[in-house]
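Novice: This is the structure, below, for whatever I ask next.
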Amino acid sequence: MKRLFMKYKDNIIYIIVMTFLLFYFEPSQKKFYLKNDIDNFESDYYWKMIFVIIILILLFLSWRILKVKENKIKSLLFPLLNVTFYSLFIAFILQNIIISIVLFTNRFIDRSQTQMIYKVEYYKANNYLKIINEKKSDTINNVLEEEFLNRLENLRIKKKLKSIIKSDTIHIKFKNGLYGIKYKND
């Protein structure tokens with residue numbers, strides 16, 4: 001058994017780490033953020049961030065290859081294309097994990113606080129709760145943001161506030177993190 005473990009220890013550690021990241025770490029990060037904020041980050045910054053990282057890796061690799069003083073273009077071109085291809089592949093496959101790590105590091109430093117004012121709309125027929133901010137740019141609903149709304153409800157109960165009803169106004173304080181992504185840390 002020990003021989004088997006020693007033979008496959010890297011694979012076993014990889015599986016344990018990936019299982020932790022996929023089933024615990026990733027879902028636990030999303031409870032601090034609104035889905036809209038995660039989607040905005042993903043669409044606006046994720047691929048730009050990956051592109052910058054790939055450029056930095058390629059520059060480092062080019063420097064290392066030139067340092068060895070190999071002048072053949074083939075020996076320079078193949079590793080650069082290889083690293084680019086693998087980096088893009090890994091960025092695509094591990095996109096959710098990478099985004100979760102960025103969201104986690106976003107909460108390291110609070111740059112400022114933002115208070116958003118939301119108005120409650122409630123559709124009784126299908127039990128649909130929707131909370132819209134004044135600018136209508138940010139919407140919280142119980143289908144997409146169930147965990148976030150549960151956290152708000154627990155906070156309401158803890159502070160002994162009355163129940164949320166239609167046309168109530170809710171003030172939510174968000175912190176803006178290291179990358180400017182707002183999150184709720186209560």
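Novice: Looking at the range 119-137, is at least one residue more than 22 Å from Gly180 (Cβ to Cβ), at pLDDT below 75 and either assigned to a helix (DSSP H, G or I) or in contact with a Pro (Cβ under 6 Å, 6 or more places away or on another chain) (or both)?
Specialist: Looking for residues that are more than 22 Å from Gly180 (Cβ to Cβ), at pLDDT below 75 and either assigned to a helix (DSSP H, G or I) or in contact with a Pro (Cβ under 6 Å, 6 or more places away or on another chain) (or both), one finds none in the range 119-137, hence no.
Novice: Now, a different point. Is it the case, given these coordinates, that Ser28 is in a helix (DSSP H, G or I), surrounded by 11 or more Cβ atoms within 10 Å (Cβ to Cβ), of a type in the set (Gly, Ala, Ser) and at pLDDT below 80? Steps first, answer last, please.
Specialist: On the way: in a helix (DSSP H, G or I): yes; surrounded by 11 or more Cβ atoms within 10 Å (Cβ to Cβ): yes; of a type in the set (Gly, Ala, Ser): yes; at pLDDT below 80: no.
When the stated conditions are applied, Ser28 does not pass them.
Novice: Hey, another quick one. Can you pull out every residue in the range 76-113 that is of a type in the set (Val, Ile, Thr), under 19 Å from Phe174 (Cβ atoms) and open to solvent by 60 Å² or more (accessible area, probe 1.4 Å)?
Specialist: Listed by number, the list holds a single entry, Ile109.
Let's see how each residue does on (1) at pLDDT 85 or above; (2) assigned to a helix (DSSP H, G or I); (3) out of contact with any strand residue (DSSP E or B) (no Cβ under 9 Å at 6 or more places or on another chain); (4) farther than 30 Å from Met116 by Cα:
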| site | (1), (2), (3), (4) |
| --- | --- |
| Leu4 | no, yes, yes, yes |
| Tyr14 | yes, yes, yes, yes |
| Phe20 | yes, yes, yes, yes |
| Tyr24 | yes, yes, yes, no |
| Tyr45 | no, yes, yes, no |
| Trp63 | no, yes, yes, yes |
| Lys69 | no, no, yes, yes |
| Leu80 | no, yes, yes, yes |
| Phe85 | no, yes, yes, yes |
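Novice: Which of (1) open to solvent by 100 Å² or more (accessible area, probe 1.4 Å); (2) modelled with pLDDT of 70 or more; (3) over 19 Å from Ile99 (Cα atoms) is the odd one out, the single condition Leu58 does not satisfy?
Specialist: Failed condition: (1).
The values are calculated or read from the model by the stated rules, or taken from the named source; none is laboratory data. Given the structure is predicted, the values throughout are model-derived calculations rather than measurements. Reconstructed Cβ throughout: ideal geometry from the backbone, glycine too, with neighbour counts over all protein chains shown. SASA here: full protein model, heavy atoms, side chains in, ligands and nucleic acids out. Shrake-Rupley method; radii C 1.70, N 1.55, O 1.52, S 1.80 Å.
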